[in-house]
Every structure is written in C-alpha cells, then in structure tokens.
Amino acid sequence: MIGSIILLIILIFLNAVFASAEIAVISMNESKLKKLTEEKNKKAIKLTRLTEQPARFLATIQVVITLAGFLNSAFAADYFAEPLVDVFVRLGVPVPVSVLSSVSVIIITVVLSYFNLVFGELVPKRIAMKKSDSLALSMAGMLYAISKIFTPLVALLTASTNGVLKLMGINPEESDEQVTEEEIRMMLSEGSQQGTIDKSETEIIQNVFDFNDISAEQICTHRIDVTSLDIADTLDTWDGVIFESRHTFYPVYRENTDNIVGILNTKDYFRSERKSKQQVIKTCLDKPWFVPENMKANVLFQKMKASRKYIAVLIDEYGGMSGLITLHDLIEALVGDLYELEDSIQAPEIQQIDDSTWEIQGSADLDDVAEALGIQLPTDDFDTYSGYICDVIGRVPGNGETFTCQTETMKIQVKTVVNHRIGETLVTLVKQEETSGSLEA
C-alpha cells in the first residue's frame, strides 16, 4: 500500500514538473532568451531550438503529461478499488459488489483528480508564471533530452495535429500574429496602474505612438503667437522687438506675414558688424523652409534631421503662413515641456480646483479638456477649447470682455479675452437637469 502511494506521488510530481515547464517556457521573456542565445548560453540555445517549433514542443510536453495521468489513474484504480470495496462490504452497505466496484473507481478517480489538479497542475503552473525565466532555463536540458527520446511519437502527433488544422482551414505554418500598437498601449496602461511602469515612462511611450498621428499644425506656434519682423523696418526697430520677446529665430516678412522672405538667426545677427541693413539681410537671414501644415509630426521630424533644419514655416492650403515649428517643439511632443533658463514656468492649461471646478486656458486642446472633465465634447469639430466656446456663444468675443455661458454639461465663466482670443476660464460641471444653453453677457 505504501509503495503504491509513493508511486502515485511520483507520478503527480512528474505531471507537476512538465506542467510547470510548459508554462515557464511559453511565458519566458523572448528578448531575454534571444540575448542569452546570442551570448552562447547552452541552456538558452536548447530552449531556442525547442521554441522554434512550438507544435513539437507542446506535443512533447503533452505526451509526458498524458502518460503520467494515464498511469496515475490505472495504478490508483488497480491498487485502491478493491480495498475500498472491502471497506464498504465490512460496513454492510446493501449494494451488489459489482456496483460497489464501480462506485469505488469513481470515488478514487475524483479524489485523485483533486490532488492531481492542485499539486500536479494549478500550484506548479502558478509557480512557473512567477519564476518563468529561471524555471525554463533550469529545465532546458531535461526538456531537450525528452524531446529527443519521444521524437517518433511527437512527429506522429505533430503531423496528425497539422492535418486536422488544415482540414479546418487553418495554416499550421503561419506565423503568430504580431503585437499591435493597441495591445502595447493596453499593457502600458495596466503596467502603470500596477506600478510596474513609471507614469512618466508611460507618457513618453504613449507620446511616441501619438507622434505618428498628429500633424505639425497641432504642435506648432500658431501665426497669431508668432513674433515677426518687417523687412521694411529699421535695425533699431528690430532690436526693440528682439529684446522685448527674447527669441532665437524670427520670421522676416515683406508687406504681410503670409510673405515670409527669411528667418533671422539672432546669434548671427548680434555677432555681425551690422554696417548696413543690406549686409545684415545678406549675412544673417536664412532661406525659409516651407512645409505643409498637415505633414505628420514623425515625417517632419525625420526630414528636419536629414536636412539639418531647426525651424520650418508651416503653410496652409491657400499658401499663407499658419505657424512656425522647431525641432524643439517636436521633441517636446515626445518627452514633454523642456524649459530653457530664461523661460518662465507656465501654469498648466487645465488645473482642477475641486471635484467639480477647473481653471482652463482657452488654448487648451479640446481632447485634453474632454478627458480631464470626463465628458463628451465635439473634438472632431474643434481643436481648441477657445474655438468650442466661440461656437457655444455664436460669436467672436470682444477684447477685454468677460461673460458666462452654460451648456448641458458645464457652466463656463470667461475671465479674460485678449485679441479676441479667450484666455482664462473657470469651468463648473452641472447636472443634466439644469437649464442649458443660457448666456449672460
């Protein structure tokens, strides 16, 4: 009896070893395995050979697990069924012996299945999931040897499996689906929530994916915010503008800002002897580089790197200047704001005051506003929060005007308007039943 119990324990242990091996190898980090293989790690090389043919590897594991389970059930039924029947008979159970034999086999199978599931499947697989790399490498030699021993049987099973898959219209040789961008985003989100990936790292990686989808116009300095120089002005006038605004590059226009004739580099400008304006124009003005405003940010980034350009003039579909964009702007789109020494730290465009109140700048992206407030806004129709408010009130606000307007979801108090552009606003979320669409001048 003791020998039979020991044999069953050995078979359950054998099942546990190969069940954990299956999960460990499947869950192992592919990049780490590839690196170890390149470093000529013998265990990693054997694992790589196994995983190069996943169907054969899984068939090998399944052969051993099935064999262990089969022997387990056979020995248990053979050694424990008859003693259990004797116990029932001694207890005086009024049932024919043939029925007791069947019941005994069922009871033994259920009990054995419980122990086999817990100690032969669930526990070892949970361990393998947590220590997949170390377990997979430690079992590499054993798995490789077993695969060689069962090669004929595994080949038969693999051929049979592939045949059935082909009958079902599935190509067994087709490579696995590649990891998609959406799957990576989901993994990033989950990792960030669990604390395994730093929030700042998550934002940078998300920005890399978004970089391919946004246009240059979305991250440029728009023409209304661009400080330009008139080529007809004197150098003293230029000096005044430059000292007041303190930028490095200035677009120079003739007659109007849609006619950009050059880009002034202030470093060259102040290093020049400036004998005459014509000399300054000749030596300090770079030829403007024009690009369409709808060019994708990643494409523009590559072009600027290849051509060694730092600044570009964005042109709209009518040929007018829509804004300026620099390499600095593109890098900020990837890693966040980069402040220079002379820059003042800007307050966030969206700042929460309490559970239902926010301070929002009119220049804020409407997508960001909708996300921060957790409400639906017409983000397909408007880029900025200011544009949305103008649509709500049905007009362009006047300079210095303050007013309050209300929608179905929020009450908006506009505090500042400069050059017909909405600046600071105070937003309060309102309940659906409150009156919407009201306007107070």
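The values are calculated or read from the model by the stated rules, or taken from the named source; none is laboratory data. Just so it is clear, the structure is predicted and the values come from calculations on it, not from any experiment. Counting neighbours? That spans all protein chains shown, and the Cβs are built from the backbone with ideal geometry, glycine included.
Each row is one residue, and each column tells you yes or no for (1) in contact with a Lys or Arg (Cβ under 9 Å, 6 or more places away or on another chain); (2) farther than 14 Å from A364 by Cβ.
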site	(1), (2)
G400	no, yes
C405	yes, yes
E408	no, yes
V414	no, no
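On the basis of being at pLDDT 75 or above, under 23 Å from S113 (Cβ atoms) and either of a type in the set (F, W, Y) or outside any loop (DSSP other than H, G, I, E, B) (or both), does A24 make the cut? So A24 fails the test. Taking the criterion of being assigned to a helix (DSSP H, G or I) and surrounded by 11 or more Cβ atoms within 10 Å (Cβ to Cβ), the residues of region 84-96 that qualify are L84, V85, D86, V87, F88, V89.
Would you check if K130 is over 40 Å from the mean Cα position of the chain (by Cα), among the basic types (K, R) and modelled with pLDDT of 80 or more? Here the answer is no, as K130 does not meet what is asked. Taking the stated definitions as given, is D258 of a type in the set (D, E, K, R), under 27 Å from the mean Cα position of the chain (by Cα) and not assigned by TED's automatic domain parsing to the domain that holds T425? Considered against the rule, which asks whether it is of a type in the set (D, E, K, R), under 27 Å from the mean Cα position of the chain (by Cα) and not assigned by TED's automatic domain parsing to the domain that holds T425, D258 comes out as no.
For region 236-247, the candidate set comprises residues that are surrounded by 13 or more Cβ atoms within 10 Å (Cβ to Cβ) and part of a helix (DSSP H, G or I); within that set, the residue that is nearest to the chain's Cα centre (by Cα) is I242. Of the residues screened, I12 is not one that is assigned to a helix (DSSP H, G or I), touching a Lys or Arg at 6+ places or on another chain (Cβ under 9 Å) and of a type outside the set (S, T, N, Q). When region 43-76 is filtered for residues that are in contact (Cβ under 8 Å) with a residue 40 or more places away in the chain and among the aliphatic types (A, V, I, L, M), the ones remaining, listed by number, are A44, L47, L50, A55, A59, I61, V63, V64, I65, A68, L71, A76.
I'd like to know if region 35-46 contains one or more residues that are under 30 Å from G163 (Cα atoms), under 52 Å from the mean Cα position of the chain (by Cα) and either modelled with pLDDT of 80 or more or of a type in the set (V, I, T) (or both). Yes, region 35-46 contains at least one residue that is under 30 Å from G163 (Cα atoms), under 52 Å from the mean Cα position of the chain (by Cα) and either modelled with pLDDT of 80 or more or of a type in the set (V, I, T) (or both).
Considering the conditions (1) of a type in the set (D, E); (2) surrounded by 12 or more Cβ atoms within 10 Å (Cβ to Cβ); (3) in contact with a Lys or Arg (Cβ under 9 Å, 6 or more places away or on another chain), D213 is excluded by exactly one of them, (2).
Of the residues examined, A370 is one that is out of contact with any helix residue (DSSP H, G or I) (no Cβ under 8 Å at 6 or more places or on another chain) and crowded, with 16+ Cβ neighbours inside 10 Å.
Checking the stated criteria, L327 turns out not to satisfy the condition of being touching a residue at least 12 places away in the same chain (Cβ under 8 Å) and either touching a Leu at 6+ places or on another chain (Cβ under 8 Å) or of a type outside the set (A, V, I, L, M) (or both). Here K40 passes the criteria (1) without any contact (Cβ under 8 Å) to a residue 24 or more places away in the chain; (2) at negative phi; (3) basic (K, R) except the one numbered (2). Among the residues of region 174-197, those identified as acidic (D, E), at pLDDT below 80 and either within 10 Å of the chain's Cα centre (by Cα) or part of a helix (DSSP H, G or I) (or both) are E181, E182, E183. Tell me, please, whether a residue that is modelled with pLDDT under 80 and closer than 30 Å to R308 by Cα can be found in region 346-360. Yes - at least one qualifying residue is present in region 346-360. Within region 309-324, the residues that satisfy the criterion of being of a type outside the set (V, I, T) and either surrounded by 14 or more Cβ atoms within 10 Å (Cβ to Cβ) or without any contact (Cβ under 8 Å) to a residue 60 or more places away in the chain (or both) are K309, Y310, A312, L314, D316, E317, Y318, G320, M321, S322, G323, L324.
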